[in-house]
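Notes follow once the structure below has been shown.
The values are calculated or read from the model by the stated rules, or taken from the named source; none is laboratory data. Small disclaimer: the values here were computed from a predicted structure and weren't measured. Ideal geometry is used to build each Cβ from the backbone, glycine not excepted, and the neighbour counts take in all protein chains shown.
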Amino acid sequence: MYSIPITFKNLTEVSLYDAYGQVGVYVLWHGRSQIKPLRIGQGQILHRFASHVRNKAYYWPIYGVVGLLGDETAKNMIDAKVIESALLHVSREINRFPTDNSNLGEVNSIRYLLNRYNNLLKVHVKGRDPFLRMSDLSNKPLYNTKTIEINMDELDDLFFIHQWHAR
């Protein structure tokens, strides 16, 4: 089994100093998004945010959460891709698939880790709920860690077991 912990913080709780050189995962909502987020993404956080700021389709203000994994290492990049893809799969199941994402992320990273760690992978989500708009006062930190368990069957189909419900 392979476990990946991530703690999501409100964008206003993370400074440029904190994010400098860091790889992570983020969920963005813009001023017009109500039910579904705008984008779920991953990568070198400041680089990714800079590319989104230039996108004229992103209406101000921008809200969201970010989870930092650490320096730009191969392990952190793979973990970020796995978390992004897991969140995208869950978002599709709970009717929160982002309006600006077009696919379910890089599932090859998930398959790579599943093959390496006996077909069991867990993402442990702490902090803010990535599927609640951060402008909502109701998005307090999660009371308990939520887990996304990922399995693969003999046909290489992926299964996501999670603790979120359709909204």
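Figures for the structure shown
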| item | result |
| --- | --- |
| LEU120 under 14 Å from ILE4 (Cβ atoms) and at pLDDT below 95 | yes |
| Subset of region 137-167 that is surrounded by 13 or more Cβ atoms within 10 Å (Cβ to Cβ) and among the hydrophobic types (A, V, I, L, M, F, W, C) - its residue that is modelled with the lowest pLDDT | LEU142 |
| Tabulated pairs, region 66-82, first farther than 22 Å from ARG116 by Cα, second surrounded by fewer than 20 Cβ atoms within 10 Å (Cβ to Cβ) and among the acidic types (Asp, Glu), C-beta under 8 angstrom, 6+ apart or interchain | LEU68/ASP18 |
| Residue tally, condition within 13 Å of PHE49 (Cβ to Cβ) and of a type in the set (Asp, Glu), over region 2-18 | 1 |
| Among the residues listed as GLY24, GLY41, the single one being over 16 Å from PHE131 (Cα atoms) and surrounded by 24 or more Cβ atoms within 10 Å (Cβ to Cβ) | GLY24 |
| Positions within region 64-98 being closer than 9 Å to VAL25 by Cα and outside any helix (DSSP H, G or I), in sequence order | VAL65, VAL66, GLY67, LEU68, LEU69 |
| ASN101 being in a loop (DSSP other than H, G, I, E, B), of a type outside the set (Lys, Arg), out of contact with any Cys (no Cβ under 9 Å at 6 or more places or on another chain) and surrounded by 14 or more Cβ atoms within 10 Å (Cβ to Cβ) | yes |
| ALA50 hydrophobic (A, V, I, L, M, F, W, C) and free of Cβ contacts under 8 Å to residues at least 40 places away in the same chain | yes |
| In region 13-47, the residues that are of a type in the set (Ser, Thr, Tyr), more than 19 Å from ASN76 (Cβ to Cβ) and touching a residue at least 24 places away in the same chain (Cβ under 8 Å) | SER33 |
| Unique match (being closer than 24 Å to LYS140 by Cα and modelled with pLDDT of 95 or more) among VAL66, VAL14 | VAL66 |
| Filtered residues of region 106-127 (kept if surrounded by fewer than 21 Cβ atoms within 10 Å (Cβ to Cβ), not in a helix (DSSP H, G or I) and not charged (D, E, K, R)) | TYR117, ASN118, ASN119, LEU120, HIS124, GLY127 |
